[in-house]
Amino acid sequence: MLRMMSWRQEYLENLKQRDELKKANYDLIDAYSRLADQTAALEAKVSANSSSPIPTSPGNDAPGLSNQEEVAQVKSDLAEALRAKGQLQRRLKVTEETLERLKTRAKADSIRIRDLSAERAQLVLKVKDRDEELRGKAQLLVVPFPPPGASSVGILTRYTASPR
């Protein structure tokens with residue numbers, strides 16, 4: 001029974017760890033979604049700017065610098081998202097390996113449980129058979145005293161000749 005508790009406890013612990021990992025991933029997913037929204041907005045802005053003619057006035061340097069800052073920010077966000085993706089892929093690989101090990105162990109445990117259950121059933125049957133045999137032998141040992149005048153030879157033949 002102690003072994004049964006340990007695998008259940010391990011299973012519950014793994015479920016808790018999975019839930020914690022999912023909660024940690026929500027932050028990364030949210031950050032990635034915001035990054036994707038920013039990228040889409042910048043791409044729309046760039047496509048709108050490229051479709052309109054670019055004036056060549058000296059006052060155009062300041063807005064160009066702003067676009068460069070935005071591009072640098074997007075590159076930084078993209079690098080962060082790629083780093084987070086790499087971390088998630090490593091965690092996914094470790095989790096999948098752990099899952100496979102646990103599946104293999106669970107399969108082996110279920111086979112062992114099945115084998116032990118069959119062995120237990122055989123042992124229970126043997127114990128019942130042995131109990132019946134012992135009851136029969138105990139009945140043979142309880143020999144009533146023959147009534148006065150009866151021969152004791154008849155009693156012995158009656159008990160020894162009983163079929164089994």
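Every read-out reported here was derived from the displayed coordinates using simple, explicitly stated rules and does not represent laboratory data. Values in this document were obtained by computation on a predicted structure and should not be read as measured data. As a convention, Cβ positions derive from the backbone with ideal geometry for all residues, glycine included, and neighbour counts pool all protein chains shown.
Points worth noting:
- Counting charges near A31 (Lys, Arg +1; Asp, Glu -1) among other residues having Cβ under 15 Å from its Cβ returns a value of -1.
- Cross-link partners of K126 among aspartates and glutamates (Cα-Cα below 20 Å; sequence separation of 8 or more within a chain): D115
- Furthest towards positive pole of dipole, L88, L78, L99, structure part the stretch 69-115, Cβ charges: L99
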